[in-house]
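Worksheet: one structure, shown below.
The values are calculated or read from the model by the stated rules, or taken from the named source; none is laboratory data. No experiment lies behind these values; they were computed from the predicted model shown. For neighbour counting, all protein chains shown are included, and Cβ atoms are generated from backbone atoms with ideal geometry for every residue, glycine included. Heads up: the accessible areas ignore ligands, DNA and RNA and are worked out on the full protein's heavy atoms, side chains in. Shrake-Rupley method; radii C 1.70, N 1.55, O 1.52, S 1.80 Å.
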Amino acid sequence: MWQLTAGSVAVGLVLAAGAVSLAGPWDSGQRKAERRWAAAQDRTGGADHGPPAAHGPAREPAPAPSAPAVLAALGGAAPPAARLPAGLAEKLGKKLGPLLDDPALGKVRTAEVIDVATGRRLYGKGPDTPMVPASTVKIATMVAALSALGPEHRIPTTVVVGRDARKLTLVGGGDASLDTRRLGALADDTARALGDRGITAVEIGYDASLYSGPREHPIGPNDNIAPVVALMADEGRLDHSTSGPAPRSGDPAGDAADVFAGLLRDRGVRITGPTRPHRAPKGAKPLARTYSAPLSALVERTLTESDNDLAESLARQTALAGDEPASFAGAGRAVTEQIEELELPLGHARFTDGSGLSREDRVGASLLTALLARAADPDHPELRPVLTGLPVAGFSGTLRGRYEDDVPARGLVRAKTGTLTGVNALAGTVVDAGGRLLAFAFLAGATPAPDPAQTALDRLSAALGRR
């Protein structure tokens, strides 16, 4: 628990603004510094190199721009409950009540604000009411993934070879962050290993059997997400974009295999026949392998840019860690089980996907604030990327274009957005004028229009940081 100082507010503004330039430019939720770090780790040689530890000491990715102020606020001892000013909750109620009544927030509005250091509820309106959370459900998905796997976990994509060394299989491990650049590094290693064996021509198959259940998200084909498969490159995007909605491939696994085959051709390997799906043969040996960035970096990218493909990938990694089927249903059970193990208030929560695109998801505001508080718990440092990955008001990710001059909270609020038609949500943290770290969650249903609803949510969160 932590001792917060009043100076944290000013420090938060300065550091959040300055750290954007210090940490390097943002690129699809992952700083270029992180990409350079990942590139240095991708090369795996032409043989089975075992677990990720074989690559040398793991190094943490650069923190999000919000991290210095957030982590500084977590550094001291917890103030006793009595240190909370008398009447603080009443003052917050008077401040937030009228803002929550804004007609832009539709017919159903729920909210909770807690003091992170003490866990005390400072404001609540239907906080346990299950609501459609939209993308704020990603907070639960990321907490579950980090809890199940740890921040150093990395997801492999492997080229294996059976008894016939001229038949290769590209095996998907569920890494939705795999891109053409890393496939090129994998092709380098594969071509080198084949050359060492004197092999110049191969057949290429691919194995995406790690996942089970429907490939399509329940919303159906949609520019916001590719078919959820264990092998894909560039998230199946067909327009060379790196974030946001985009036309998607109907067969990301097959397309990734075709790209890999083309990259091998470019390296002088002759490919005999078309790429075909099949199971990797029993006893197949790894020939080359590439790993994702650490889970800590993937979590930050998922939350910052609200990356639906990565969210579903990490939900399935959680399912695999919990011996559940790597399906929508199995991932939902695994996320629930991890939250139960953290002894958090599930209530009537329901997880039908990992991204929040499903309108069947249900989460209460009290669960979202509890998840954020647990991520700040010094006994759970593995969950810290959930806080450092939250978009920064006016600076990064899905909050980059929000909190204009009429909502003065740039750099102070760090929050996950949630948006579906008629659904708007915001959940995150803010350091108040007294130096206390607060966690908040505001969820609205039947909102008449997205832009006014988002502005109303921005005003609510901004009000928490004022005197």
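In whole angstrom, how far apart do the alpha carbon centroids of the range 189-221 and the range 263-288 sit?
Value for the Cα centre distance between the two parts: 7 Å.
Once you put a point 7 Å from the Cα of T242 and another 7 Å from the Cα of D101, both along the Cβ direction, what distance in nm separates them?
4.7 nm
Need one word for the range 297-360: rounded, prolate or oblate. Basis is the Cα gyration tensor (sqrt eigenvalues a ≥ b ≥ c); a/c below 1.5 gives rounded, then a/b vs b/c decides.
rounded
Can you give me the C-alpha center-to-center distance between the range 105-142 and the range 314-355, rounded to a whole angstrom?
Cα centroid of the range 105-142 versus Cα centroid of the range 314-355: 19 Å apart.
Could you run the Karplus curve 6.51 cos²θ - 1.76 cosθ + 1.60 with θ = phi - 60° over the range 349-363 and give me ³J(HN,Hα) per residue in whole Hz, x for Gly and Pro?
4, 9, 10, 9, 7, x, 9, x, 6, 7, 7, 8, 5, 9, 8
What accessible area per residue comes out for the range 134-202, rounded to a whole number of Å², with a 1.4 Å probe?
29 Å²
Just tell me which lysines come within less than 18 Å, Cα to Cα, of K91; anything on the same chain fewer than 8 places away is out.
Qualifying lysines at Cα under 18 Å: K125.
Using only the alpha-carbon atoms of the range 195-351 as identical scatterers, what base-10 log of I(q)/I(0) does the Debye formula give at q = 0.12, 0.15, 0.18, 0.19 Å⁻¹?
Debye curve over Cα of the range 195-351, log10 I(q)/I(0) at q = 0.12, 0.15, 0.18, 0.19 Å⁻¹: -0.63, -0.94, -1.25, -1.34.
Percentage of Cα-Cα pair distances in the range 312-467 greater than 22 Å, rounded to whole percent?
44 percent
Suppose the Debye formula is applied to equal point scatterers at every Cα of the range 124-203; what is log10 I(q)/I(0) at q = 0.10, 0.17, 0.21, 0.26 Å⁻¹?
At q = 0.10, 0.17, 0.21, 0.26 Å⁻¹ the computed log10 ratios are -0.46, -0.83, -1.03, -1.27.
Please compute the volume of the convex hull spanned by the alpha-carbon atoms of the range 398-467 and report it per residue in Å³.
Per-residue hull volume (Cα only) is 76 Å³.
Order of 134-140, 414-420, 264-270 by packing, highest average Cβ count within 10 Å first?
134-140, 414-420, 264-270
What spacing in nm lies between the two simple spin-label points modelled at R192 and R265, each 7 Å away from Cα in the Cβ direction?
2.4 nm
For D223 and L88, FRET efficiency with R0 = 30 Å and r from the beta-carbon atoms, rounded to 0.05?
Rounded to the nearest 0.05, the efficiency is 0.10.
So how much slack lies between T421 and K282, counting 0.36 nm per residue of separation and subtracting their Cα-Cα distance, in nm?
Going from the current span to full extension adds 45.3 nm.
Any chance you could run the full-extension gain for L210 through V108? It's 0.36 nm times the residue separation minus the Cα-Cα distance, nm to one decimal.
Length gained, L210 through V108: 32.7 nm.
With a ≥ b ≥ c taken as the square roots of the eigenvalues of the C-alpha gyration tensor of the range 89-241, please select rounded if a/c is under 1.5 and otherwise prolate if a/b is larger than b/c or oblate if it is not?
The shape class here is prolate.
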